[in-house]
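Here's the structure, in structure tokens; my notes come after.
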Amino acid sequence: MHETRLNLLKALACGAFISGTELGEICGVSRTAIAKHIEGLKELGINVYSVKGKGYKLSSPLSLLDKKDIFKNFDSLQHSLTPSLDLSVLTQIDSTNTYLKQHISQLKSGHSVIAESQTAGRGRHGRKWVSPFASSIYLSMYWRFGTGYQALSGLSLVIGLAVVDTLTQIGILNAQLKWPNDVYVNMQKIAGVLIEVEGAVGDAAHCIIGIGLNVQLPDDIDGIDQSYTDIQSQLGVPLVDRNKLTAILLNNMHRIIRTFEAEGLTPFIHRWESLNVFANKNVKLVTGNQSIEGICLGINTEGALRMQVNDLQQTFHGGEISVRAI
Ligand code: ATP
Ligand code: BTN
């Protein structure tokens, strides 16, 4: 983002009215230039009001990403096993997963990228992930698993647990998981996980682990065709500190990935099943135009979904399958 525009946004982030003259002084430009940059902020999807005689104001305060603040928060957490952070903070990008894929040959395991907004955020099966400015966490981490591709079917499940742990630590105690990649609170989607793997079967697996976690979505949001929620509305607070949140999430990801790398899915199965949003419920599994109905039982050691279908226990492996309530 243009430096003046970023300084302008930082000045407005508190959510108070600030006059054009004062903003001009803060940013070192004229009032007319401020008016132009305000239009630029609006183009990014940021709601800025202007009231004659009062100046400019954001529709609600924003917690902007700040690398130093993320590091400070990370260092204050208990993480004796976690190495220091390796993180890029971006203003706008097509998709943080795509960004890591494009830089994969230069990356070290654990390198992460976080962005204020995504212009082409992706979910599974090429679906769109709605990614407005400063409203969520759009985070991707690169991890190289020496054990190869087959060991990774449970990865999206354990990353879901890292998100639930993070929500628990900030006071949201009722998050649940939907197989294979979604996090729900009060039956509404709050986060999604997108794992992309590069590398042949048997070789090292180069994984891009993407998380979209809604923090304070604007009211006038378009393009989400299911029930959703965000941290701010669940906690009922005016502002969520996204730097602290990012530090907690990164710490949980490091901790959980390291255990998963060493011990696989087994140590996580019981906890995942206790958080299963469809535990013992009737569901349908949808693939293309096929649909199978049954009772959702849980997961196996490979991360496959266990279902009771017509008195028989069956397992279903990820990929194209979606689970839906009936
Ligand atoms: P499944 O993973 O079971 O196939 P899903 O419908 O959740 O189901 P995903 O590909 O996981 O599909 O997620 C993409 C979907 O998530 C989009 O089609 C949209 O409905 C929804 N979505 C997009 N952006 C957001 C967001 N910021 N918050 C919540 N939900 C979103
Ligand atoms: C889903 O529910 O299908 C997964 C959504 C994953 C969204 C995150 S946001 C950060 C990363 N970059 C992307 O383009 N997608 C993931």
Among the lysines, which have Cα under 23 Å from the Cα of Lys108 when same-chain residues fewer than 8 positions away are ignored? Lys67, Lys68, Lys72
Let me know the charge dipole size of the chain about its Cα centre in debye, to the nearest 20, where only the beta-carbon of Lys, Arg (+1) and Asp, Glu (-1) is charged. 460
Under the Karplus curve 6.51 cos²θ - 1.76 cosθ + 1.60, θ = phi - 60°, whole-Hz ³J(HN,Hα) for region 279-286, x wherever Gly or Pro sits: 3, 6, 9, 6, 9, 10, 9, 10
Choose one of Ile248, Ile299, Gly24: the residue whose Cα lies farthest towards the positive end of the charge dipole of the chain (beta-carbon charges +1 Lys, Arg; -1 Asp, Glu; about the Cα centre). Gly24
If you look at just the Cα atoms of region 67-272, how large are its Rg and its Dmax in Å? 15.9, 49
What accessible area per residue comes out for region 278-325, rounded to a whole number of Å², with a 1.4 Å probe? 58
In whole percent, the fraction of accessible protein surface over region 67-272 that belongs to carbon or sulfur atoms, probe radius 1.4 Å, stands at 49
What dipole magnitude, in Debye to the nearest 20, does region 3-58 give about its Cα centre under +1 on Lys/Arg Cβ and -1 on Asp/Glu Cβ? 180
Mind checking which of Thr119, Thr32, Thr91 has the largest fluctuation in a GNM of the chain, springs on alpha carbons under 10 Å? Thr32
Just the number, please: percent antiparallel of the DSSP beta bridges in region 64-166, rounded to the nearest 5. 45
Starting from the eigenvalues of the Cα gyration tensor, five times each then square-rooted, give me the equivalent ellipsoid semi-axes of region 110-175, largest first, whole Å. 22, 19, 12
Ignoring GluC sites (Glu not before Pro) buried by more than 15 other Cβ within 10 Å or outside DSSP loops, the longest site-free run in the chain is 1-301
Residues whose built amide H sits under 5 Å from the amide H of Ala115, excluding neighbours closer than 5 in sequence, are Leu90, Tyr138
What are the ³J(HN,Hα) couplings of region 168-177, residue after residue, when phi is run through the Karplus curve with 6.51, -1.76, 1.60 and θ = phi - 60°? Round to Hz, x for glycine and proline. 4, 5, 9, x, 9, 9, 10, 6, 9, 10
Which ³J(HN,Hα) values, rounded to whole Hz and listed in residue order, are derived for region 229-237 from phi using the Karplus coefficients 6.51, -1.76 and 1.60 in 6.51 cos²θ - 1.76 cosθ + 1.60 with θ = phi - 60°, glycine and proline given as x? 8, 9, 5, 4, 6, 5, 8, x, 10
Which of the aspartates and glutamates could a cross-linker span from Lys189 if the Cα-Cα distance has to be under 13 Å and same-chain partners fewer than 8 positions apart are dropped? Asp225, Asp230
Residues whose built amide H sits under 5 Å from the amide H of Leu177, excluding neighbours closer than 5 in sequence, are Tyr184, Asn276, Val277
If the cut-off is 25 Å between C-alpha atoms, which lysines fall inside it for Lys36, apart from same-chain ones fewer than 8 positions away? Lys10, Lys52, Lys54, Lys57
Name the long-range amide H neighbours of Leu87: under 5 Å, sequence gap of 5 or more, or other chain; modelled H, no Pro or chain starts. Ser112
Lys and Arg at +1, Asp and Glu at -1: neighbours of Leu85 with Cβ under 14 Å from its Cβ sum to +2
Chain lengthening between Lys36 and Lys108 when straightened (0.36 nm per residue, less Cα-Cα): 21.9 nm
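The values are calculated or read from the model by the stated rules, or taken from the named source; none is laboratory data. Being a predicted model, the structure only gives us computed values, none of them experimental. Backbone-built Cβ (ideal geometry, glycine too); neighbour counts: all protein chains shown. Surface areas here come from the heavy atoms of the whole protein model, side chains and all, with no ligands, DNA or RNA. Shrake-Rupley method; radii C 1.70, N 1.55, O 1.52, S 1.80 Å.
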